[in-house]
């Protein structure tokens, strides 16, 4: 059976993702995981709430895995041990679950052109706004939460998503987020929860860039009693860090790295890698200062952008200015979907067309045909596996029409706005669209 991706951290869900094919040759992604009782139906519920939104992976089916006629769970294993051998006072029962999803394809890094990548990010912003309208906040964006299929980008991985209470625009949790892409205000909230002079032990977890666990996994961050607010604009900030990493890291289509790429090109990476090896409070402070520092000077983004993405330098400067204004020391201006779409629309019109363009043009996805196999809750195995390329850790239909968000015509890339000018221009946008 071909494995797309599997988790490695001690505090993860023991997740393995496979590529499956039915008798007609249609591919699906099968997500095999172990989840707590309260999370047993969570991702399936989320996917039902956002069903039909373009650029979001679609739920085909979900079920419990059965063993000896009963739902498979860690309690069954735990009960086999003598009480004297149970030192796990914090034992948490986890249920064995499987979720069948469509489409099944490659990581977002396999984009085939600059326009395809930019169109995918535009589609992500549109889809994210639609998810908020359906009261779902993803809350855990990283490059591994996106895939690309036939030129179309998709959101995936909703196991950390939150359901917004009717009439509210934010939610509270003990903290979620993949470390390199956590936004500034959550880092500041984490600082308030970490005592000085304490090391966070993440040495047995994935500390490589893109492979760090959520902030819930940092053992010395007191998230047991303190709740951290998450807003829709938080995901937009995380999306910015992902976008910047892509245009700094890749020097061509299909995952080709830029000649000068290094993880140290992102100044906050070394601070992330210091978690568990140095004072946690100091490491988190360094991360905050590094992000705010680069946002204050747009020249940093210009210098780090690869030559392949040279046309994107004004985009990352202007988007970065929006992020800065949302985190400035005073007169903060909340980042909105409309504000980000304004930037992306403008530069999409001025971007040169690349040929050849592999994959079909971005278009609304067609409805998914559900497998005709017997219902898997009976315990029958899913369809046979088919080949696929492996996906990176923690992972991702285009916008229904650009007419929903009319592009701003321009003859070419405009001069990026400074944080101050942008603040004056955007001061009326204080609520998410």
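Some points to look at:
- For the range 144-154, the set of residues classified as at pLDDT 95 or above and either in a helix (DSSP H, G or I) or under 18 Å from residue 231 (Cβ atoms) (or both) is empty.
A quick yes/no check of all residues on (1) in a strand (DSSP E or B); (2) in contact with a strand residue (DSSP E or B) (Cβ under 9 Å, 6 or more places away or on another chain); (3) surrounded by fewer than 18 Cβ atoms within 10 Å (Cβ to Cβ):
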{"position": "17", "(1), (2), (3)": "yes, yes, no"}
{"position": "20", "(1), (2), (3)": "yes, yes, no"}
{"position": "25", "(1), (2), (3)": "no, no, yes"}
{"position": "38", "(1), (2), (3)": "no, no, yes"}
{"position": "46", "(1), (2), (3)": "no, yes, no"}
{"position": "51", "(1), (2), (3)": "no, yes, yes"}
{"position": "54", "(1), (2), (3)": "no, yes, no"}
{"position": "61", "(1), (2), (3)": "yes, yes, no"}
{"position": "76", "(1), (2), (3)": "no, yes, yes"}
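- Residue check, residue 96 farther than 22 Å from residue 338 by Cβ and surrounded by 22 or more Cβ atoms within 10 Å (Cβ to Cβ): no
- Residues that are more than 22 Å from residue 145 (Cβ to Cβ), in contact with a strand residue (DSSP E or B) (Cβ under 6 Å, 6 or more places away or on another chain) and surrounded by 16 or more Cβ atoms within 10 Å (Cβ to Cβ) occur in the range 282-294; there is at least one.
- Among the conditions (1) touching a strand residue (DSSP E or B) at 6+ places or on another chain (Cβ under 9 Å); (2) part of a helix (DSSP H, G or I); (3) modelled with pLDDT of 95 or more, the only one that residue 129 does not satisfy is (1).
- Residue, nearest to residue 65 (Cα to Cα), within the range 104-114, restricted to residues that are at pLDDT below 95 and not in a strand (DSSP E or B): 104
- Close Cβ contacts (under 9 Å, 6 or more residues apart or on different chains) running from residues in the range 309-337 that are on the phi > 0 side of the Ramachandran plot to residues that are part of a helix (DSSP H, G or I) comprise 331/325; 331/423.
- Matching residues, the range 260-289, being modelled with pLDDT of 80 or more and not in a helix (DSSP H, G or I): 260, 261, 262, 266, 267, 268
- Every test in (1) surrounded by fewer than 24 Cβ atoms within 10 Å (Cβ to Cβ); (2) outside any strand (DSSP E or B); (3) under 17 Å from the mean Cα position of the chain (by Cα); (4) modelled with pLDDT of 95 or more is passed by residue 124 save one, and that test is (1).
- Condition met for residue 148 (touching a strand residue (DSSP E or B) at 6+ places or on another chain (Cβ under 8 Å) and surrounded by fewer than 24 Cβ atoms within 10 Å (Cβ to Cβ)): yes
The values are calculated or read from the model by the stated rules, or taken from the named source; none is laboratory data. As the structure is a computational prediction, the values presented were derived from the model and not from experiment. Because the Cβ atoms are built from the backbone with ideal geometry, glycine has one as well, and the counts that use them run over all protein chains shown.
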